[in-house]
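Have a look at the structure below, then the notes.
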Amino acid sequence: MKKYIFPLLTSLALISISCNNNTEDQKESSMKEPVIKTEALTYSSENSKDSLVMDGYIAWDSSITGKRPVVLVVHEWWGMNDYIKRRVRELAGLGYLAMAVDFYGNNKRADNPTDAGNLAGGFYKDPLMAQSRFDAALNVVRKYELADTSKIAAIGYCFGGTQVLNMANLGEDLVGVVSFHGGLQVVTPDKAKLKAQVLVCHGGADPFVPAEQVAQFRKQMDSIGAKYTFKVYDGATHAFSNPDATATGEKFKIPIAYNAAADTASWNDMKTFFGTIFK
């Protein structure tokens, strides 16, 4: 009998090692770090009246394969900058094909509130011009082999938050939009046009978006039975998600500031929202 014990124990040991190795391989696979690839490109609008050259920035995780949901990212009123590109890379790390949308074109950027206001102002007055710029980026990203064109969403910050809400209200074929500390004076929502679900991430102490504006927005959305979620982050002011906001606010004496708790909470709320709309 003893002569069978050693081979049996040896076999059991090998099986145990094999199982442990498989478990470790599974853990390693599940903990694999994203491998983010990026591409900077230029593109233009198909609108003959809009002959600008726009700067795109696309990112994806090359460690995973197959098509994936698309997220378009619209910048603050400063224009395309490193902050927005960082958000694009972070979205790629979550498994999405992400693209920064350049609303201003021709390499226009602002480094002070006056210039920023001048660049942004026209889009508030003319939402269809904004839609033309948005569509130009949408046409680019839809052509990517990795793009699951049945699952496209958009997010935006400040100025960009207002713009993605407008894109939804204008009837863009999006499954969802997320506004981070965006203004809420938007195109009047129309039940016949609004396809996207909406998440608004609002700073409870944002002086640029007063309570009256919030109430009007919610009233309009409720009146058409829109699918929306309105999150309020207590104590957070305008631009709460941008780590540079505090220094910028102090420099130009404007009431904006970074709020780490609101930044983290709103990003997590976005991830939960995407988990729902991208099913």
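The values are calculated or read from the model by the stated rules, or taken from the named source; none is laboratory data. All values reported here derive from a predicted model rather than from experimental measurement. With ideal geometry, Cβ positions are generated from the backbone for all residues, glycine too; neighbour counts draw on all protein chains shown.
So here's what we get for this one:
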read-out: Residues (free of Cβ contacts under 8 Å to residues at least 40 places away in the same chain and farther than 23 Å from residue 93 by Cα) located in the stretch 238-279; value: 245, 246, 247, 248, 249, 250, 251, 253, 256, 257
read-out: All positions within the stretch 95-120 that are more than 11 Å from the chain's Cα centre (by Cα), in a loop (DSSP other than H, G, I, E, B) and buried (at least 18 other Cβ atoms within 10 Å of the Cβ); value: 102, 103, 104, 105, 110
read-out: Pairs where the first residue, in the stretch 118-129, is free of Cβ contacts under 8 Å to residues at least 60 places away in the same chain and the second is among the charged types (D, E, K, R) and assigned to a loop (DSSP other than H, G, I, E, B), C-beta under 8 Å, 6+ apart; value: 119/108
read-out: Some residue of the stretch 209-226 being assigned by TED's automatic domain parsing to the domain that holds residue 79, small (Gly, Ala, Ser), within 17 Å of the chain's Cα centre (by Cα) and within 25 Å of residue 69 (Cα to Cα); value: no
read-out: Residue that is surrounded by the fewest Cβ atoms within 10 Å (Cβ to Cβ) [pool: residues in the stretch 62-94 that are in a loop (DSSP other than H, G, I, E, B) and of a type in the set (D, E, K, R)]; value: 67
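Table: residues versus (1) more than 15 Å from residue 208 (Cα to Cα); (2) outside the structural domain of residue 175 (by TED's automatic domain parsing); (3) assigned to a loop (DSSP other than H, G, I, E, B).
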| position | (1), (2), (3) |
| --- | --- |
| 235 | no, no, yes |
| 242 | yes, no, yes |
| 251 | yes, no, no |
| 254 | no, no, yes |
| 261 | yes, no, no |
| 271 | yes, no, no |
